[in-house]
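If you scroll down you'll find the structure; I have some questions about it.
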Amino acid sequence: MKFDIPGQLPGLNEMIDAAKRGKGKYQPYAEMKETYTSMVAWLAKKLPKYNKICVVITWFDPDDKHDPDNTAAGQKFIMDGLVKAGTIPNDTKRYIKGISHEFETDRQNPRVEVKIIAVDE
């Protein structure tokens, strides 16, 4: 099963920056996490329910300027979104048996492709 997330998810640098800007009740990282987790959940809401999965994430950036390790930090929003959508019960090791990443460039259509592979019990 596969679904696409249009555009780009925030990378590690954007997450750290948002976390550093927080003051008192204003927490930009919390807002960022809610926005992107909810977006992924909405995209994943019609997926079947799984117990144990492996996930292959292909990141299509619009250019070659981003570090793969920075880009891959966006997986946090993907995993939390799958839980929020009810696709998986939780995003612990009990349910997520593997995550792999591939990195590509697509100047015309930046996106994130998420492939879910069911793992037999």
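Here's a check for you: in segment 74-121, which residue that is of a type in the set (Gly, Ala, Ser) and in a helix (DSSP H, G or I) is farthest from Lys52 (Cα to Cα)? Before the answer, list the steps.
Filtering segment 74-121 down to residues of a type in the set (Gly, Ala, Ser) leaves 74, 81, 85-86, 98, 100, 118.
Add one more test, that the residue is in a helix (DSSP H, G or I), and what stays is 74, 81.
On the way: Gly74: 21, Gly81: 16 Å.
That would be Gly74.
Just to verify a result, which residue in segment 27-58, among those that are hydroxyl-bearing (Ser, Thr, Tyr) and without any contact (Cβ under 8 Å) to a residue 24 or more places away in the chain, is nearest to Asp80 (Cα to Cα)? I'd like the intermediate steps shown before the answer.
Filtering segment 27-58 for residues hydroxyl-bearing (Ser, Thr, Tyr) gives 29, 35-38, 50, 58.
Then drop every residue that is not without any contact (Cβ under 8 Å) to a residue 24 or more places away in the chain, which leaves 29, 35.
Values: Tyr29: 14, Thr35: 11 Å.
Ranking the candidates gives Thr35 first.
Separate question: For segment 69-121, give me each residue that is acidic (Asp, Glu) and either surrounded by fewer than 17 Cβ atoms within 10 Å (Cβ to Cβ) or on the phi > 0 side of the Ramachandran plot (or both).
So the first thing to find is which residues in segment 69-121 are acidic (Asp, Glu), and the list is 69, 80, 91, 102, 104, 106, 113, 120-121.
Asp69, Glu102, Glu104, Asp106, Glu113, Asp120, Glu121, listed by residue number.
Against the definition (open to solvent by 30 Å² or more (accessible area, probe 1.4 Å) and either hydrophobic (A, V, I, L, M, F, W, C) or in contact with a Cys (Cβ under 9 Å, 6 or more places away or on another chain) (or both)), how does Ala30 come out, yes or no?
Numbers: open to solvent by 30 Å² or more (accessible area, probe 1.4 Å): yes; either hydrophobic (A, V, I, L, M, F, W, C) or in contact with a Cys (Cβ under 9 Å, 6 or more places away or on another chain) (or both): yes.
Answer is yes for this residue.
Here's another thing I want to ask about it. Tell me yes or no: at least one residue of segment 41-48 is open to solvent by 60 Å² or more (accessible area, probe 1.4 Å) and either touching a Pro at 6+ places or on another chain (Cβ under 6 Å) or assigned to a helix (DSSP H, G or I) (or both).
Initially, segment 41-48 is screened for residues open to solvent by 60 Å² or more (accessible area, probe 1.4 Å), giving 42, 45-46.
Still in the list and also either touching a Pro at 6+ places or on another chain (Cβ under 6 Å) or assigned to a helix (DSSP H, G or I) (or both): 42.
Yes, that holds for at least one residue.
The values are calculated or read from the model by the stated rules, or taken from the named source; none is laboratory data. Every value quoted in this text rests on a predicted model; they were computed, and no experiment measured them. Cβ sites come from the backbone with ideal geometry, for glycine too, and all protein chains shown count toward neighbours. Only protein heavy atoms, including side chains, enter the accessible area calculation; ligands, DNA and RNA are left aside. Shrake-Rupley method; radii C 1.70, N 1.55, O 1.52, S 1.80 Å.
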